[in-house]
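Asks: Before we start, here is the structure in question, set down as structure tokens.
The values are calculated or read from the model by the stated rules, or taken from the named source; none is laboratory data. Bear in mind the structure is a predicted one, so any value in this text is a computation, not a measurement. Here the Cβ is made from the backbone with ideal geometry for all residues, glycine too, and neighbour counts use every protein chain on show.
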């Protein structure tokens, strides 16, 4: 999941949803509308999401999962097994070694870990802070559609979304095998409404398609 910049944004009323109360980094569960606010420390959380330990050091989205797999219905053994299948292709690399790098922030993302959580409906989110706040997100089409629907109904302050489709080549490859990536840049209420009403389908007005360049 690409390296996301972290931003600051003024707090809103405490009674609002987590995505409304502050900017920053989140994991969003598109099936339950649950948000996991990532504490940018070397933190561990209990099942309710309450912080248990905190040591100064950077935590990225992938690192949060690596340190707290139970919050994503995964175990550390699941992560090591999945990472092993990928990392053993490289001399001197292993699933355990990569998991350690993800935990300590040396590596900020990994395609295997991203796939494991995103196929469960989780969406990676960063919300920027400015007079015109924007949400940057990556997830499956279904997950991004759910996020846009939530923003449409519950987060009126945000009217700009930059959405990166995880696994776009797998989802749309049967239509066009040259597709490597798809992003949707939604600017304003009309774009958000159109994206939600279409079920998250690409649209010439706001979708960007990356294709394999022919030799």
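Asks: Please verify whether residue 191 is over 14 Å from residue 30 (Cα atoms) and surrounded by 19 or more Cβ atoms within 10 Å (Cβ to Cβ), treating the condition exactly as stated.
Replies: So residue 191 fits the description; yes.
Asks: Could I ask something else about it? Look through 67, 81, 31 and report the one residue that is touching a helix residue (DSSP H, G or I) at 6+ places or on another chain (Cβ under 7 Å), farther than 21 Å from residue 105 by Cβ and at pLDDT 80 or above.
Replies: 81
Asks: With (1) over 20 Å from residue 34 (Cα atoms); (2) outside any helix (DSSP H, G or I) as the list, and residue 85 as the residue in question, which single condition is left unmet?
Replies: With (1) over 20 Å from residue 34 (Cα atoms); (2) outside any helix (DSSP H, G or I) applied to residue 85, the lone miss is (2).
Asks: Can you tell me which residue among 132, 183 is in contact with a strand residue (DSSP E or B) (Cβ under 9 Å, 6 or more places away or on another chain), crowded, with 17+ Cβ neighbours inside 10 Å and either over 28 Å from residue 85 (Cα atoms) or outside the structural domain of residue 85 (by TED's automatic domain parsing) (or both)?
Replies: 183
Asks: With respect to residue 62, is the statement that it is within 23 Å of residue 162 (Cβ to Cβ), at pLDDT below 95 and not in a helix (DSSP H, G or I) true? Steps first, please.
Replies: Details: within 23 Å of residue 162 (Cβ to Cβ): yes; at pLDDT below 95: yes; not in a helix (DSSP H, G or I): no.
Answer is no for this residue.
Asks: Among helices (runs of 4 or more DSSP H) lying entirely in region 103-215, which contain 3 or more residues that are touching a residue at least 24 places away in the same chain (Cβ under 8 Å), in contact with a helix residue (DSSP H, G or I) (Cβ under 6 Å, 6 or more places away or on another chain) and under 19 Å from residue 38 (Cα atoms)? It would help to see each step written out before you state the result.
Replies: Values: elements: 111-118, 141-154, 168-172, 189-197.
Correct list: 111-118.
Asks: On the basis of being closer than 16 Å to residue 26 by Cα, surrounded by 17 or more Cβ atoms within 10 Å (Cβ to Cβ) and at pLDDT 90 or above, does residue 95 make the cut?
Replies: Answer is no for this residue.
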